[in-house]
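What follows draws every value from the coordinates through simple rules; no lab data is involved. All figures in this text were calculated on a predicted structure; none of them were measured in a lab. Virtual Cβ from ideal backbone geometry, glycine too; neighbours counted across all protein chains shown.
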Amino acid sequence: MNIMHLYTIGKELINNFMRQHVNPLSRNFNEIERIPFLIEMFGDPKLKLHLDIGCASGEFLFDLALVNTSWNYLGIEIREKLVKTAKLKLREREIKNLYFVFGNANNILSDVNNEFIIEHLKSISFNFPDPWFKKRHNKRRVIQPEFINILSNSLQKGSLIYVKTDVRDLFDYMDLTISSNLNFKTIDKRDFSIVESFNPNKLQTNREKYVIDNQLNIFERIYIKI
Ligand SMILES: C[S@@+](CC[C@H](N)C(=O)[O-])C[C@H]1O[C@@H](n2cnc3c(N)ncnc32)[C@H](O)[C@@H]1O
């Protein structure tokens, strides 16, 4: 192990220590926030809708919303403080194509009252979700077979799911979970148009910037609802 590798591991440990992990299975998240109707969330509810699950402080979504004004962006995040800060910033800047919801995305999107959101989505991203390395904690991972089943039942045909992580084991797990659902298939590069996607300028999330700075691997895949 060389000095650079040790340095990267050290930085990673400090990073993880400073970041408060939240147990999504805690009863604190049983009570869920109702997602308002599209007309209440966005200036123009007819724009294409993208959902980012685990959006943290929402910086990536602020960047996207400012550049791509022909899309609406919705972020769900389980750390309440981050969502409060994002909502305050949103109000100050008067951005009309962005909205944040606090809570466990699994509970929120499993609620029948929020089914309309899934039905209106053009795409969903899972950017660098928490890996929950220990086997007994795997149930806390945001991508679960039942959750993918809910998405597959309500997403329109042609909707996309984007998955990105720097953890190989987590990538394999997410890939197997999504691919095992027969309503999704990996998208063929020839059928994918970046300019028509939610992120035509390839903007990066905070975690992605960190991973690139530290020359770590990124594993990613896009799935289409068939
Ligand atoms: C490693 S961070 C990545 C943040 C951001 N997507 C990025 O790429 O920089 C994972 C985020 O997902 C959030 N999260 C984890 N489980 C969640 C869940 N079930 N519902 C909503 N957010 C969740 C965490 O609180 C954290 O902010």
Given the condition closer than 21 Å to residue 140 by Cα and touching a residue at least 40 places away in the same chain (Cβ under 8 Å), answer yes or no: does some residue in segment 41-49 qualify? no
Identify the single condition in (1) surrounded by fewer than 23 Cβ atoms within 10 Å (Cβ to Cβ); (2) in contact (Cβ under 8 Å) with a residue 12 or more places away in the chain that residue 91 does not satisfy, given that it satisfies every other one. (2)
Could you say whether any residue in segment 33-43 is within 16 Å of the ligand (Cβ to nearest atom) and surrounded by 14 or more Cβ atoms within 10 Å (Cβ to Cβ)? yes
Of 126, 147, the only residue that is within 14 Å of the ligand (Cβ to nearest atom), in contact (Cβ under 8 Å) with a residue 12 or more places away in the chain and more than 15 Å from residue 77 (Cβ to Cβ) is 147
Candidate set: segment 54-87, residues that are touching a residue at least 40 places away in the same chain (Cβ under 8 Å) and more than 11 Å from the ligand (Cβ to nearest atom); chosen: the one surrounded by the fewest Cβ atoms within 10 Å (Cβ to Cβ): 67
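Residues to consider are 51, 25; find the one that is within 13 Å of the ligand (Cβ to nearest atom), under 27 Å from residue 184 (Cα atoms), of a type in the set (A, V, I, L, M, F, W, C) and assigned to a loop (DSSP other than H, G, I, E, B). First the steps, then the outcome.
Values: 51 fails: assigned to a loop (DSSP other than H, G, I, E, B).
Of the residues listed, the single one that is within 13 Å of the ligand (Cβ to nearest atom), under 27 Å from residue 184 (Cα atoms), of a type in the set (A, V, I, L, M, F, W, C) and assigned to a loop (DSSP other than H, G, I, E, B) is 25.
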